[in-house]
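Okay, handing you the structure first.
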Amino acid sequence: MSEVIKPTSRFGDLKVLWHLLFRPVRGNTHGERLESFYEGQASHYDSFRARLLHGRSELMSCVDFPDNGVWVDFGAGTGHNLFSIEERSKSLAEVHLVDLSPSLLQIASERIEERQLSNVTLHHADATQFELPENSVDVVTFSYSLTMIPDWFESVLIARRILKPGGMIAVTDFHVSRKHAAAPSRQHGWLRRTFWSLWFASDNVYLSSDHLAMLRRQFKTERCEERLGSVPYMPLVKAPYYLFLGRKPAN
């Protein structure tokens, strides 16, 4: 567990669960709705999500970060991905953390300042409108953020555009299979597809059966695993998620 994750507390969990289950999400834009969802739980975000968002640290440990490289983390939140590989990140020339929630970015900013990480830039920006030069980035990551980006396929295309040929994309997120999943994809039953799609959608998290299909079409697959992960306070059920690592084709 990353050192920036606070120990679990019952009060913190209750506060997060209140926002997850009961507090209305308001706002006229995607950014406003995200901030409405996160602003009241930002200080407890990491401790709860560490038990819900499986595979993040494992995914980051598999990423090939070149010396003096450039990394863009879309949906960076409080900077969990960065701090899980803090020592490795110091050899990078540039780290760009992109998120639409000011509350989460504020926590990331405080941690970055505390650690005096001079190669990190924070961007309060939409992943579907983020701009860097074409073929200028070595690594792009999405950690449980594609399901929270309405126009998620545009953000995947932007990732492909800014990545250098041979550059790596690493993604982990919740998902559900298609009704008739083609090999080698895992087949989820009707109940699992329906329950998790509805459960997450109440918080504007939209599980998609098309994430992996899009990623496989746009990138050369190096690793793809579909798994089930535990959910805090729901001991009898497991949510489906995946890990994907791929590279931008040379042509």
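Ordered by residue, what ³J(HN,Hα) values in Hz, to whole numbers, does segment 130-144 give under the Karplus form 6.51 cos²θ - 1.76 cosθ + 1.60, where θ = phi - 60° and Gly and Pro are x?
Computed from phi, the couplings for segment 130-144 are 6, 10, 9, x, 4, 6, 10, 10, 8, 9, 10, 10, 10, 10, 6 Hz.
5 Å is the cut-off here: which amide hydrogens, built 1.01 Å from N in the peptide plane, fall below it relative to L92, excluding neighbours closer than 5 in sequence?
Here N68 satisfy the definition.
Moving to a separate point now. Taking the Cα centre of each part, how many Å lie between segment 94-136 and segment 168-221?
Taking the Cα centre of segment 168-221 as reference, the centre of segment 94-136 is 27 Å away.
Let me test this: with uniform point scatterers at the alpha carbons of segment 181-241, what is the Debye-based log₁₀ I(q)/I(0) at q = 0.11, 0.15, 0.21, 0.23 1/Å?
Debye intensities relative to I(0), on a log10 scale: -0.29, -0.54, -0.98, -1.12.
Same structure, new question: Report the net charge of residues surrounding E154, where surrounding means a beta-carbon distance below 14 angstrom and charges are Lys +1, Arg +1, Asp -1, Glu -1.
Local charge sum for E154: -2.
Positive end of the charge dipole of segment 72-166 (Lys, Arg +1 and Asp, Glu -1 on Cβ, about the Cα centre): tell me which of V139, V72, A125 has its Cα farthest that way.
It is V139.
Then there's this: If you line up the Cα atoms of segment 108-202 on their principal axes, what length do they span on each, largest first, in Å?
Sorted largest first, the three principal extents are 48, 33, 21 Å.
Which of I149, P184, F174 sits closest to the plus end of the dipole of segment 138-233, meaning its Cα is farthest towards the positive end, when Lys and Arg get +1 and Asp and Glu get -1 on the C-beta?
Result: P184.
Three principal axis extents, largest first, for the C-alpha atoms of segment 140-251, in Å?
Principal extents (Cα only, largest first): 45, 29, 22 Å.
Just order 175-183, 143-151 by mean Cβ neighbour count inside 10 Å, highest at the front, would you?
Going by the mean number of other Cβ atoms within 10 Å, highest first, we get 143-151, 175-183.
Rounded if a/c is under 1.5, else prolate if a/b is larger than b/c, else oblate: which is segment 54-248, with a ≥ b ≥ c the root eigenvalues of its Cα gyration tensor?
Cα axes put segment 54-248 in the prolate bin.
Read-outs: derived from the displayed coordinates by stated rules, not from any lab. As the structure is a prediction and not an experimental result, all values here were calculated from the model. Positions of Cβ are backbone-derived with ideal geometry, glycine not excepted, and every protein chain shown enters the neighbour counts.
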